[in-house]
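Scroll down for the structure; my scribbles are underneath it.
Here, each number is a calculation from the coordinates, and none is a lab measurement. Bear in mind the structure is a predicted one, so any value in this text is a computation, not a measurement. Cβ atoms come from the backbone with ideal geometry, glycine included; neighbour counts cover every protein chain shown.
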Amino acid sequence: MIFRSLFQSVFMHLLSFRLLSPFSWLAVCCLLGLACGSPQTSVQLDAASVRTLHSRVSEAGVIQPTIEVPIAPDVSGEVVFIGVKEGQKVNKGDLLITIQPDDYRAVLEQSEASLSRAKADYLRAKAAVAEQEARVLQDSLIMKRNMELFEEKVVSKLDLENSQTSYKVSRSKLESARYQVQASFYQVKTSEASRKQARQNLDRTNIYSSIDGTITSLDVEIGQRVVGTSQMAGTEILKIADLAKMEVVVEVNENDIVNVNLGDSATVEIDAYPGEFFYGEVMEIAYSANVTGAASADQVTNFEVKVEVSPASYQHLAQNRQEESPFRPGMTALVEVFTQMVENAVVVPIQAVTLRKSDSTKEEESEVVFRYDGARVVQVPVKTGISDDQYIEISQGLEKETKIVVGPYQTLSERLRDGMEVTTYTRRAKK
């Protein structure tokens, strides 16, 4: 720089006296260009620091109750009574909805009549067995007497054979009567089962709450016909949820899901409460993937993760609103899951780490940082660890408080080379 300034002063002095020929002018201009040289590269510096680093996965999701029970009727029919409204608290066993019971009451009465008839048939079959047993006894006595008389040659052989045949027929009828008793007995059992089913269907026209909770959805009106689950999927008429425990359901990409584990802590931000931070824990990780755009270049594979929100973190909001929970199912939330933590880690800004080809292979790229050494930069290979939104861990290759180059990005990623002379500048803070 001093040489450049001196050369310029001499040049201007000669120019003032007009002592240069045209060829001299050209030579002086060339020398001046060499003296001035190309401008040096300017870089921004920062220093490696030591801090506790948290690796995190951030995803958006929706709030929903941890326990939410959809209610669908077991029987089909017309809704004739609704005893609740959306947002109402209910206890287990409370009557919610009634379906028209007249048809099911008639079926129950028919079943009871069929049962009475089956019982009567059973008693009649038992009486027939007793009657047939007496006939068998009578025929056996006649057969024995005829056998004695035949030996005395009092009756003919034909009379003896007829008595023997009558005895065999009576025995067969007795066996048949006994089978009829068994059939009548099972018919009674069938009728009892039919009556039990008819009574259950009649009882199912009244739908009761299965848990303590809050009605979060009511999708029927009086007069509307609903389909029971005994026939098909059934009509979902309402939902009951326990709002004391809430969770956030998020979709985590396949690249990040391997870092998420059960029990990982998380922070939750809810759009409806700006500036509020809530705390949670990963309670469930899906094993089956949700794939969109399958077999295409835009295929995305995500896994569902459920993060339970700690009630203690939003208790102050619930008390202010005098409600069990300040949240509503379906609210939008942003979840940050802390997957790993390293204490006393040497870290640098993420942009300080770049890729350069190795001197040995000249092909494989490795991670490096550029250390500032006076007026030059030195390329330093490093090994990195976890990272967050701003910093990345340097597990090997760099000491704390070492000055490094952090920008500009294009200079750092493309132009900067090992041993290059640089100048430094301080980035102005944004107003």
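Per residue of region 396-407, in order, report the coupling 6.51 cos²θ - 1.76 cosθ + 1.60 (Karplus, θ = phi - 60°) as ³J(HN,Hα) in whole Hz, putting x for Gly and Pro.
3J(HN,Hα) across region 396-407, in whole Hz: 7, x, 8, 9, 5, 6, 6, 6, 9, 8, 10, x.
When a footprinting reagent is the concern and you count Cβ atoms within 10 Å, what order do Tyr314, Tyr287 take, fewest first?
Fewest-to-most ranking of Tyr314, Tyr287: Tyr287, Tyr314.
Evaluate E = 1/(1 + (r/R0)^6) for Glu324 and Asn206, where r is the Cβ-Cβ distance and R0 equals 22 Å; express this FRET efficiency to the nearest 0.05.
After rounding, the FRET efficiency stands at 0.25.
Okay, helix-only estimate at 222 nm for the chain: each DSSP H run of n ≥ 4 adds -39500 (n - 2.57), divide by all residues, round to 500 deg cm²/dmol; what do you get?
Helices in the chain give a 222 nm mean residue ellipticity of -11500 deg cm²/dmol.
Looking at Ala198, Ser163, Val227, which one has the Cα that reaches farthest to the positive end of the dipole of region 157-237 (charges on Cβ: Lys, Arg +1; Asp, Glu -1)?
Sorting the options by dipole projection puts first Ser163.
Could you tell me which of the pairs Lys357/Lys403; Lys92/Lys239; Lys357/Lys383 are separated by over 18 angstrom between their Cα atoms in the structure shown?
Where the Cα-Cα span goes over 18 Å, the pairs concerned are Lys357/Lys403.
Roughly what angle does helix 22-36 make with the longest principal axis of the chain, taking Cα atoms, 0 to 90 degrees, to the nearest 10?
Taking Cα atoms only, the helix is inclined about 50 degrees.
Return one number: the angle in degrees, 0 to 90 and rounded to the nearest 10, between the long axis of the Cα atoms of helix 102-151 and the longest principal axis of the Cα atoms of the chain.
The angle comes out at about 40 degrees.
Treating only the Cβ of Lys, Arg, Asp and Glu as charged (+1, +1, -1, -1), what charge dipole size does the chain show about its Cα centre? Round to the nearest 20 debye.
Once rounded to the nearest 20, the dipole reads 300 debye.
Please compare each pair in Lys306/Lys400; Lys144/Lys173; Lys89/Lys196 to a cut-off of 29 Å on the Cα-Cα distance and tell me which ones are over it.
The pairs that break the limit, which is 29 Å between Cα atoms, are Lys306/Lys400; Lys89/Lys196.
Assuming 0.36 nm per residue, please report the length gained on full extension of the stretch Leu141 to Met341 beyond their Cα-Cα distance.
Once the chain is fully extended between Leu141 and Met341, it gains 61.9 nm.
How high is the relative contact order of the chain, in percent, counting Cα pairs under 8 Å that sit 6 or more residues apart?
Computed value for the chain: 26 percent relative contact order.
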